[in-house]
Every structure is written in structure tokens, then in C-alpha cells.
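Q: Mind looking over this structure? Questions follow.
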Amino acid sequence: MKCSLLFGAMLLLLESLMSQDNINLKYSLLVKEGVFSRAFIRIRPLSIAGFRLIGKRAFAMIDKDTLETPGLSEIEIRLYRGLIYDASVMDTTSWRDGELPSCVIVPSNGRVSKKYAISKLKPETKDDKIFFNKLVYSFNKSGGNKKWLYSFSRPVIDSSGNYAIIADTSAGNNFGCFFYKWNGLKWQEMLNISTRD
């Protein structure tokens with residue numbers, strides 16, 4: 001009897017660990033496949049309060065019936081809303097360079113090295129390299145406060161590992177809220193609510 005209880009407990013623990021590994025793998029895939037194609041990203045992700053504020057603004061737009069939600073059921077909308085309102089534990093550790101291979105991660109001081117930016121943006125022609133050099137120069141001259149500097153949340157994934165949200169902000173009142181669903185093979189963007197000047 002004790003042996004079968006111990007074996008059952010070990011199976012539950014193993015299943016729990018495998019489930020968490022599955023969610024961690026899905027998280028890594030979402031970071032690689034997600035919306036992280038903007039040129040300049042702040043090293044610090046959005047805070048929990050920032051994530052909630054953007055999520056509430058996105059749902060305010062849905063609630064006003066200004067947006068259609070094709071492909072989303074009422075249950076999924078409630079699930080996404082729950083992810084936003086219940087996001088009390090969220091990863092807010094600084095972004096690491098290897099996590100976002102096609103983005104320039106901007107340090108806290110707001111200045112970016114041209115050599116680093118060129119290595120990340122990978123210009124294909126001499127004209128591209130000149131353009132990126134000018135872009136980095138303009139960015140640094142502005143103090144890093146241009147519209148194209150984004151703060152992204154890390155993905156917030158539900159307990160099943162099948163639904164996720166990423167939020168971002170840039171200058172002014174601009175924001176984006178991206179809703180994803182795991183389709184069994186990859187993350188699929190289900191809804192994108194964004195405001196841009």
C-alpha cells in the first residue's frame with residue numbers, strides 16, 4: 001500500500017515537472033517568435049502595474065465594441081482578461097542580449113554603442129550600414145526618448161501553457177497588447193490591440 005502511494009506521488013511530481021518544462025519551452029519559443037522585432041528595447045521589462053494598465057486599456061477598447069475579436073470565444077476573452085487582472089507574479093528581470101537576437105537592448109543610461117547596434121541589426125549593404133549608423137546617432141543624440149524605444153513585458157502565460165499575453169509601450173500614449181494561443185506546434189497571434197502615432 002505504502003509503495004503504491006509513494007509511486008503515485010512520484011508520478012504526480014514527475015508529471016508536474018514535465019508540465020513546467022513544457023511551459024518553460026513554450027515561453028522560450030514565444031520570446032523567439034513573438035513581437036520582439038522592434039529595433040530598440042529597454043533593458044527593463046514592463047512592471048506588473050504597467051502590464052495591467054495596458055491590458056485594461058486594451059480591454060476597454062474591446063468593451064466599447066470598437067474592436068472585433070474574430071476567432072476568440074467569450075471563454076478565451078475571459079481567460080485573457082483573467083491573465084491581466086491576476087498578473088500578480090510576473091517575471092520582470094532585465095532582458096538578456098541572447099534572448100532577443102534581432103533587437104538592440106538599450107541599457108538604463110539610454111545610450112547604445114554603434115558597434116553593438118550594427119552587430120544586432122545586421123545590415124546587408126553599405127547603404128544599410130550608413131542608415132543604421134545614422135539611426136543610432138540620432139537615437140543617442142535624443143537621449144533615447146524617441147518613439148521607437150519600446151518597453152516590453154515578458155510573456156505572461158496561463159497555467160495550462162496555452163494562452164499568453166505580451167504588452168508594450170513607447171513614447172506618449174502608445175501601447176500594444178498581443179494575445180497568443182498555442183496551437184500545438186507554435187504560438188499563434190490571436191489578437192493585436194495597438195495604438196501608434
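The values are calculated or read from the model by the stated rules, or taken from the named source; none is laboratory data. No experiment lies behind these values; they were computed from the predicted model shown. Cβ sites come from the backbone with ideal geometry, for glycine too, and all protein chains shown count toward neighbours.
Q: Condition test on S160, is it part of a loop (DSSP other than H, G, I, E, B) and polar (S, T, N, Q)?
A: In short, yes.
Q: Which condition from (1) in contact (Cβ under 8 Å) with a residue 40 or more places away in the chain; (2) assigned to a loop (DSSP other than H, G, I, E, B); (3) not acidic (D, E) is the one that L191 breaks?
A: Among (1) in contact (Cβ under 8 Å) with a residue 40 or more places away in the chain; (2) assigned to a loop (DSSP other than H, G, I, E, B); (3) not acidic (D, E), L191 violates only (2).
Q: Further, regarding this structure: Check whether at least one residue in the range 167-186 is outside any helix (DSSP H, G or I), at pLDDT 85 or above, farther than 14 Å from I41 by Cβ and of a type in the set (K, R), and report yes or no.
A: yes
Q: Restricting the search to the range 92-124, which residues are part of a helix (DSSP H, G or I), touching a Ser or Thr at 6+ places or on another chain (Cβ under 9 Å) and among the aliphatic types (A, V, I, L, M)?
A: Matches in the range 92-124: L121 only.
Q: Same structure again: Going residue by residue through the range 15-25, is there one that turns out to be at pLDDT 75 or above and in contact with a strand residue (DSSP E or B) (Cβ under 6 Å, 6 or more places away or on another chain)?
A: No: the range 15-25 contains no residue that is at pLDDT 75 or above and in contact with a strand residue (DSSP E or B) (Cβ under 6 Å, 6 or more places away or on another chain).
Q: Consider E76 carefully, then state whether it is modelled with pLDDT under 80, of a type in the set (D, E) and closer than 23 Å to T195 by Cα.
A: no
Q: Looking at the range 125-157, which of the residues that are among the small types (G, A, S) and not in a loop (DSSP other than H, G, I, E, B) is surrounded by the fewest Cβ atoms within 10 Å (Cβ to Cβ)?
A: S138
Q: For G82, indicate whether it is of a type outside the set (S, T, Y), surrounded by 10 or more Cβ atoms within 10 Å (Cβ to Cβ) and not in a helix (DSSP H, G or I).
A: Answer is no for this residue.
Q: Further question: Between a first residue in the range 105-122 that is touching a residue at least 24 places away in the same chain (Cβ under 8 Å) and surrounded by 16 or more Cβ atoms within 10 Å (Cβ to Cβ) and a second residue that is assigned to a loop (DSSP other than H, G, I, E, B) and of a type in the set (A, V, I, L, M), which pairs have beta carbons less than 6 Å apart while being 6 or more apart in sequence or on different chains?
A: I105/I43; V106/V112
Q: Tell me, yes or no, whether the range 47-62 has at least one residue that is small (G, A, S), modelled with pLDDT under 80 and loosely packed, with under 15 Cβ neighbours inside 10 Å.
A: no
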